[in-house]
């Protein structure tokens, strides 16, 4: 989609022209996104959401999880087996974690559970690393979330839940091959490179385009998860933001460096413990001027930065996000059982960008931190209507920082190079500083006012961004945006 130009005539100001591209801001029907609140060491419902999904099952449950410990979820699997029958609730885990409390309790309750050793693999050969569940052959849950106490409370994790029969068919195809059947006790199971089944990689669910890949695969290159990720990164026109637990794949690192050298903003967060590995690409990225933070550089930070996602061009209609169990490693492509899901939707991509933002800046905006809110008087504007946008900024007494208060405006990719303006001077120069907004102070200020011209054509939606800069000139954690259009 090409950018369009919106010219604003603001009261008391010179004409301002901003390049714009819009996106929908609501998660599509049939989709849900979950993040835990690991930076603050408390659950925000990722475990209860999965338990509720399992509780909703009326026909069958197929769960493939690397490790299973969390009591509320083990209880949900057991309750489903009691309700539907043990042959309708099937569980796959990894041999290294077969002895965890959740698995032991489920086996004691009579549930069928297998791991990669049923296929003759030694438990040191590979990892059965999936984190997905299929409910009633219709709803898919996947992401980075291991269903353990640490995965719920202390480690950064994400999950997506998608109601789509075609996607469920793809995940069940993967599950059933590992299981060796479509229900009941396991049959001739196949893991890792013993698998042969291929799936349709390109699907549309509720109007959203998806790409799904399982690893390892006998699909010929380049029709694999690795090449799909390369192509996604190559497609970036403005920005790439990633959070990656284990990153050792030099080919993906080289692609990030290439896109950075082509002028694309590339910023990432990596787990500090994994970055210390001799195989990590952290030094390679840093030495090539890629902006990467380790999670222990951020306060507060989680025990493990366990995400495995990347967002391309957030803030645009073509934005996309890749998530799933796939760490960016060679073993994820060639030996471990993994899934990769690429979602082409701006609102879901924005949800993951917001999570990236929290991980990078170490903030989770709330009532005890400086916040900024944008408010517009209408959602859709017609000729002759008065457009007004107001910024409300507050810095609670308990906030630990003061800051130079700026309003940053950018229609398009948030805070991209040379694309923002400082209110009230509307210049690209930060010299428009107003004052220090210290604790227990607030600001309520109209920042844009104009009458919609009578000859304004229907256009939009547009997105208006705002943010705060600290006294050091660094962007603070809280941002806000509003969308609007003309009819």
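Determine the gain in length on full extension of the stretch residue 202-residue 277; use 0.36 nm per residue of separation and subtract their C-alpha separation, reporting nm with one decimal.
Numbers: separation 75, 0.36 × 75 = 27.00 nm, distance 3.48 nm.
Computed gain between residue 202 and residue 277 is 23.5 nm.
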* Structure fact -> Plugging the Cβ-Cβ distance of residue 303 and residue 386 into 1/(1 + (r/R0)^6) at R0 = 41 Å yields, to the nearest 0.05, a FRET efficiency of 0.20
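To the nearest whole percent, what portion of all C-alpha pairs in region 129-245 is separated by more than 23 angstrom?
On the way: 2685 of 6786 pairs.
That fraction is 40 percent.
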* Structure fact -> Cα extents of region 185-293 along the principal axes, largest first, in whole Å, come to 50, 36, 25
* With an 8 Å cut-off on Cα pairs and a minimum separation of 6 or more residues, tell me the relative contact order of region 36-197 in percent. => 26
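May I ask you to give the average projected area over all directions of the convex hull of the Cα atoms of region 36-197, in nm² rounded to one decimal? Numbers along the way, then the final one.
Working: hull surface 34.1 nm².
Mean projected area for region 36-197: 8.5 nm², to one decimal.
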* Asked: Expressed as cubic angstrom per residue, what is the convex hull volume of the alpha carbon set of region 252-396?
  -> 159
* How would you order 234-244, 110-120 from highest to lowest mean count of nearby Cβ atoms within 10 Å? -> 234-244, 110-120
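Between residue 27 and residue 84, what length comes free when the chain is fully extended (0.36 nm per residue of separation minus the Cα-Cα distance, one decimal in nm)?
Working: separation 57, 0.36 × 57 = 20.52 nm, distance 3.13 nm.
Between residue 27 and residue 84, full extension yields an extra 17.4 nm.
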* Structure fact -> Output ordering of 139-147, 376-384 (per-residue mean of other Cβ within 10 Å, highest first) is 139-147, 376-384
* Structure fact -> A chain fully extended from residue 373 to residue 287 at 0.36 nm per residue, minus the present Cα-Cα distance, gains in nm 27.2 nm
* By average Cβ neighbour count within 10 Å, what is the ranking of 387-393, 453-459, 311-317 from highest down? -> 311-317, 387-393, 453-459
* Under a plain spin-label model, where a point goes 7 Å from the Cα along Cα-to-Cβ, how far apart in nm are residue 58 and residue 459? -> 4.9
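Here, each number is a calculation from the coordinates, and none is a lab measurement. The model shown is predicted, which means the values in this text are computed figures rather than measured ones. Every residue, glycine as well, gets a Cβ built from its backbone with ideal geometry; the counts of neighbours run over all protein chains shown.
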